[in-house]
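The values are calculated or read from the model by the stated rules, or taken from the named source; none is laboratory data. None of the values given here were measured: they were computed from a predicted structure. Heads up, the Cβs are rebuilt from the backbone with ideal geometry, glycines too, and the neighbour counts pull from every protein chain shown.
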């Protein structure tokens, strides 16, 4: 996997190190919460359904809606920055969207967000991701 960082708002996610920095300070994240944040970052601003999250993050296991909501609350708290509507929007009845411009930095010019899937989390192929 190639070294990559996502930058959004005052947050930086160092993927290979699996670390989140907010205003330059590290924030500890549980592995599942890091994976959830990474999945949202990799979605490039598109809506991500709860079903998609269950498949990608919880590996298809039967997961209650409250569990997903609680995990998303932890992601929101971990990236808490001064944003008028928050950086993660809830799309009622659908899922979530990261509402921020995300910059991807890699050491190689060939690197892109698809390089991140290797070793981080299971991302379904594009043709299996439901479009809203």
(message) For the range 2-54, which positions are at positive phi and surrounded by fewer than 16 Cβ atoms within 10 Å (Cβ to Cβ)?
(response) 18, 23, 24, 44, 45
(request) Kindly indicate whether residue 75 is in contact with a helix residue (DSSP H, G or I) (Cβ under 6 Å, 6 or more places away or on another chain), within 27 Å of residue 5 (Cβ to Cβ), at pLDDT 90 or above and surrounded by 15 or more Cβ atoms within 10 Å (Cβ to Cβ). (result) yes
(message) Which condition from (1) within 16 Å of residue 104 (Cα to Cα); (2) assigned to a helix (DSSP H, G or I) is the one that residue 16 breaks?
(response) (2)
(request) Identify all residues within the range 29-53 that are assigned to a loop (DSSP other than H, G, I, E, B) and touching a strand residue (DSSP E or B) at 6+ places or on another chain (Cβ under 8 Å); write none if there are none. (result) 29, 43, 45, 46, 47
